[in-house]
Amino acid sequence: MKRVLPGATIGLLGGGQLGRMFTIAARKMGYRVHTYEPTPDSPSGQISDVEINRPYTDLDALRAFAQNVEVVTYEFENIPVTALDALEDRVMLRPGRNVLHTTQNRRREKEFLSKAGYPVAPFRVVDSAESLAAAVAELGVPCVLKTADFGYDGRGQQKIREIPDAAAAAFYWGKHGAPTGVLEKWITFEAELSAIVARTWRGESSVFPIGINTHENHILATTLVPAPLPPEVTARAAEIARAIAQSFDLVGLLAVEFFLTSDGELLVNELAPRPHNSGHFSFDACVTSQFGQQLRAVCGLPLGDSRLLSPVIMRNLLGDLWARGNPDWPALLAVPGLKLHLYGKSEPRPGRKMGHYTILAESAERAQELDRRAQKVLLG
């Protein structure tokens with residue numbers, strides 16, 4: 001793989017907030033960025049050199065896009081395979097097509113992890129009401145039915161609490177028009193955590209400090225780093241993340257989400273071959289951010305130092321906060337150690353990620369204390 005040096009143009013698939021922060025990192029190092037995003041005035045497109053607004057099904061537009069960039073990466077997973085094939089024939093795509101194809105579908109992802117021997121919750125692939133009923137009887141209740149495609153932030157999921165619920169779940173599942181789903185055994189966990197690993201084409205890798213996550217209504221609310229967990233747990237999470245990246249022969253960034261069970265076992269929940277919401281803390285609190293690390297990896301440069309400079313908490317800011325008007329930004333910015341990131345989205349909607357803040361402090365406990373203060377400012 002040739003190195004893509006500063007001054008070159010990078011192609012970015014997806015124009016969301018992850019792309020925006022990647023573009024900021026790229027610009028700091030002197031790169032140009034062309035964003036391919038179906039919706040105009042996207043968060044990334046606002047600060048890119050060029051924003052191309054065409055659907056991912058327009059293969060001619062994608063081929064033209066590829067002619068003007070030296071490498072393509074992405075911040076968004078639900079990209080048709082035909083689009084990836086059209087690009088990979090003409091330009092370096094990092095991470096590669098097979099990584100994205102595997103991780104954008106829960107069935108392929110679970111089967112990949114299981115076959116490779118990585119720890120996952122017991123699951124069954126179901127493709128009919130009959131196979132669903134049989135899988136529920138086998139795994140027991142409660143369990144959770146997930147569509148194979150297009151699931152994030154709790155979308156496309158249905159908890160089954162008792163065996164008669166299987167019929168209701170089949171109806172719900174049918175509404176999504178999904179021919180195949182994944183039924184997973186319900187896991188009672190002590191904590192959710194995530195590990196973000198960067199890997200180069202030479203096989204060099206670096207894992208960011210492990211974060212512990214909290215969710216509200218299936219959407220990530222906070223990430224606290226360093227995670228208040230035993231060192232052997234965080235070391236194991238980092239080890240698994242490195243191994244999965246190697247199994248994929250990854251060139252780029254991979255986020256690995258885990259459940260930590262009451263007996264100390266780590267189970268891989270989901271993978272994302274891109275920057276991740278739970279890694280936003282690194283933008284302010286690490287020597288190199290996840291976005292800078294993605295840039296280095298896909299351009300064939302040495303990885304940066306992912307060391308944590310300060311304990312930190314990250315909190316998402318959802319569109320619900322705007323229900324009573326604009327938040328009191330001056331009061332929020334008066335909280336010590338707080339850094340505000342807004343994504344340039346013009347329309348706040350319930351559940352929509354409009355921004356986030358980080359709070360750096362001398363300890364994780366102090367960061368949490370200041371977060372509670374910031375929440376009082378926002379919520380009253």
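Quick notes on this one:
- Residues considered: Leu62, Leu18, Leu12, Leu84. Of these, the only one that is without any contact (Cβ under 8 Å) to a residue 24 or more places away in the chain and either within 30 Å of Thr147 (Cα to Cα) or surrounded by 16 or more Cβ atoms within 10 Å (Cβ to Cβ) (or both) is Leu84.
- All conditions in (1) at pLDDT below 95; (2) touching a Leu at 6+ places or on another chain (Cβ under 7 Å) hold for Asp89, with the sole exception of (2).
- Hey, Val268 outside any helix (DSSP H, G or I), buried (at least 24 other Cβ atoms within 10 Å of the Cβ), assigned by TED's automatic domain parsing to the domain that holds Lys353 and modelled with pLDDT of 95 or more or not: no
- Qualifying residue in the stretch 291-299 (condition: among the small types (Gly, Ala, Ser) and buried (at least 16 other Cβ atoms within 10 Å of the Cβ)): yes
- Qualifying residue in the stretch 74-93 (condition: basic (Lys, Arg), over 24 Å from Phe259 (Cα atoms) and not in a loop (DSSP other than H, G, I, E, B)): no
- Flag if Val81 is of a type in the set (Val, Ile, Thr), at negative phi and in contact with a strand residue (DSSP E or B) (Cβ under 8 Å, 6 or more places away or on another chain): no
- Considering each residue of the stretch 94-111 in turn, none proves to be over 30 Å from Val126 (Cβ atoms) and not in a loop (DSSP other than H, G, I, E, B).
- Inside the stretch 198-245, residues that are closer than 18 Å to Phe291 by Cα, of a type in the set (A, V, I, L, M, F, W, C) and surrounded by fewer than 19 Cβ atoms within 10 Å (Cβ to Cβ) make up a count of 1.
Yes/no matrix, rows are residues, columns are (1) in the same structural domain as Ala86 (by TED's automatic domain parsing); (2) assigned to a helix (DSSP H, G or I); (3) in contact with a helix residue (DSSP H, G or I) (Cβ under 7 Å, 6 or more places away or on another chain):
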| residue | (1), (2), (3) |
| --- | --- |
| Thr23 | yes, yes, no |
| Ala26 | yes, yes, yes |
| Val33 | yes, no, yes |
| Asp41 | yes, no, no |
| Ile47 | yes, no, yes |
| Arg54 | yes, no, yes |
| Leu62 | yes, yes, yes |
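The values are calculated or read from the model by the stated rules, or taken from the named source; none is laboratory data. Since we're looking at a predicted model, the values are computed, not measured. Backbone-built Cβ (ideal geometry, glycine too); neighbour counts: all protein chains shown.
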